[in-house]
Structure formats: structure tokens, C-alpha cells
Amino acid sequence: MEGLVAGDKPDAGAIVRRHLAASREIVATTLADEGIVAAMAAIAQRMEQTLRAGGKILLAGNGGSAADAQHISGELLSRLMFDRTPLPSIALTADQAVLTAIGNDYGYEHVFARQVRGLGRKGDVFIAISTSGRSPNILKAVEAAKDLGLHTIAFTGNGNAPLAGMCDLVLRVPSQVTPLIQQVYMAAAHAICEYVEAALFGTERRS
């Protein structure tokens with residue numbers, strides 16, 4: 001690349017080792033925090049109760065958090081650990097026509113709130129994913145969810161996050177580094193989905 005000389009190249013191995021060490025540390029810190037573990041368990045149980053009652057899970061986020069929303073929704077609709085009945089889940093990040101229509105007609109800050117108002121029903125769960133906890137479109141979506149009587153869950157970091165104070169249940173990762181926060185999201189999401197699957201379909205698996 002223009003402007004670089006041979007001595008400017010970073011040490012790839014050092015970067016890999018540093019990142020893996022930081023990942024190990026954040027997972028260990030999360031595991032050692034009983035409050036965070038309890039929050040994950042409460043989120044898993046809330047999702048189970050909603051799905052058992054015939055409700056659904058809505059999720060939203062921006063950028064990497066949008067991908068996380070779709071990942072979690074895929075685990076619910078498809079399968080995680082074993083074959084079973086699909087679970088109703090909608091990632092509000094996936095429909096390009098809807099996103100661009102709402103963004104064009106109402107503004108980007110409304111792209112999730114309007115979907116929540118159209119698709120959400122009282123008793124459903126809305127999972128708001130934002131590493132900063134300050135994304136305007138996520139905050140507006142939580143407001144819409146609360147207006148409709150949805151259960152609200154936040155996945156966020158430990159910065160100054162208004163999102164954390166708005167939601168019923170909060171997974172607050174003890175970091176302000178976006179990639180590390182997102183790594184905990186996925187570990188937590190897989191654990192949560194594993195519980196939901198086992199709680200709802202454990203007997204189906206054994207049969």
C-alpha cells in the first residue's frame with residue numbers, strides 16, 4: 001500500500017495473541033460476575049415464558065449488532081443443539097425494502113420502532129442490541145416496545161448507556177471495547193438459546 005515501508009508492518013502473531021488473550025479475559029470476567037450470570041439466566045427464562053405462551057422474539061441492532069440480531073434469530077428459527085419445532089423470531093434488520101422505506105419516509109431513527117409497532121404484540125420480547133447503548137433508532141424502538149407492553153431486554157456494554165436504564169432485563173458486558181462486547185454477546189446468546197431449546201423441547205429430544 002502506498003505510504004508504507006517494510007518496517008511499518010505490524011506483527012500479525014502479536015495482534016492475534018493479544019486479541020485472544022483479551023477475549024479470554026473478558027469471558028473470565030463475565031463468568032466470575034454472578035450478577036451478569038443471573039441476568040443471562042433471567043433473560044433465558046423470560047424468553048422461554050414468552051415463547052411458551054405463544055409470543056415471539058423481536059431483535060434489532062446496527063452494524064455488527066444487526067448481524068448479532070440475525071444470528072440469534074437464526075438459532076431460534078432453525079436449531080441450535082438438536083432438531084425440534086422452530087421458534088418464532090424476527091430480526092428487524094433483515095428486510096432491506098422495509099428498512100429503506102421507513103428510513104426514506106420517516107428517518108433512520110424510526111427504522112426499528114415502526115416495525116415494532118407493526119409486528120409486536122403485548123407479551124412479546126424485544127431484544128435491543130447496542131454496544132454503546134446510545135443508538136437513537138434502538139432507543140426509539142424500546143420506547144415503542146414499552147408502549148405496546150412488550151418485555152424489553154438490552155444487550156449492551158458498560159459505558160454511559162441510557163439503554164440499560166430503559167429495559168426490563170439487561171446483559172451489560174463489563175467492557176467498552178466493541179469487538180470484546182460482541183464476543184460476549186455471542187457466548188451469552190448461545191447459552192440462552194441452549195436453555196430455551198432444552199426447556200421447551202427437552203422431552204422431544206429424549207423421545
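The values are calculated or read from the model by the stated rules, or taken from the named source; none is laboratory data. Quantities reported herein were computed from a predicted structural model and do not represent experimental measurements. Neighbour counts are summed over all protein chains in view; Cβ atoms, including those assigned to glycine, are modelled from backbone coordinates with ideal geometry.
Could you list, in sequence order, all residues of region 143-168 that are under 12 Å from the mean Cα position of the chain (by Cα) and not polar (S, T, N, Q)?
Across region 143-168, the qualifying residues are 153, 154, 155, 157.
Is there a residue being more than 20 Å from residue 150 (Cα to Cα) and either of a type in the set (Lys, Arg) or part of a helix (DSSP H, G or I) (or both) anywhere in region 53-62?
No, the conditions are met nowhere in region 53-62.
Looking at the structure I just gave you, is residue 137 at pLDDT 95 or above and closer than 30 Å to residue 19 by Cβ?
Judged against the criteria, residue 137 is a match.
Every residue, every condition in (1) under 30 Å from residue 197 (Cβ atoms); (2) at pLDDT below 95, yes or no:
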position: 3; (1), (2): no, yes
position: 7; (1), (2): no, yes
position: 10; (1), (2): no, yes
position: 17; (1), (2): no, no
position: 38; (1), (2): yes, no
position: 41; (1), (2): yes, no
position: 48; (1), (2): yes, no
position: 51; (1), (2): yes, no
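Is it fair to say residue 164 is buried (at least 16 other Cβ atoms within 10 Å of the Cβ) and under 15 Å from residue 65 (Cβ atoms)?
Taking the combined requirement at face value, the residue satisfies it.
Can you name every residue in region 13-37 that is under 19 Å from the mean Cα position of the chain (by Cα) and either surrounded by 14 or more Cβ atoms within 10 Å (Cβ to Cβ) or not hydrophobic (A, V, I, L, M, F, W, C) (or both)?
If the condition is that a residue be under 19 Å from the mean Cα position of the chain (by Cα) and either surrounded by 14 or more Cβ atoms within 10 Å (Cβ to Cβ) or not hydrophobic (A, V, I, L, M, F, W, C) (or both), then 23, 26, 27, 30, 35, 36, 37 are the ones that fit.
If you check residue 122 against the conditions, is it closer than 20 Å to residue 141 by Cβ, charged (D, E, K, R) and within 19 Å of the chain's Cα centre (by Cα)?
Considered against the rule, which asks whether it is closer than 20 Å to residue 141 by Cβ, charged (D, E, K, R) and within 19 Å of the chain's Cα centre (by Cα), residue 122 comes out as no.
Check 145, 189 and return the single one that is within 25 Å of residue 31 (Cα to Cα) and either at pLDDT 95 or above or surrounded by fewer than 24 Cβ atoms within 10 Å (Cβ to Cβ) (or both).
Going through 145, 189 in turn, just one is within 25 Å of residue 31 (Cα to Cα) and either at pLDDT 95 or above or surrounded by fewer than 24 Cβ atoms within 10 Å (Cβ to Cβ) (or both): 189.
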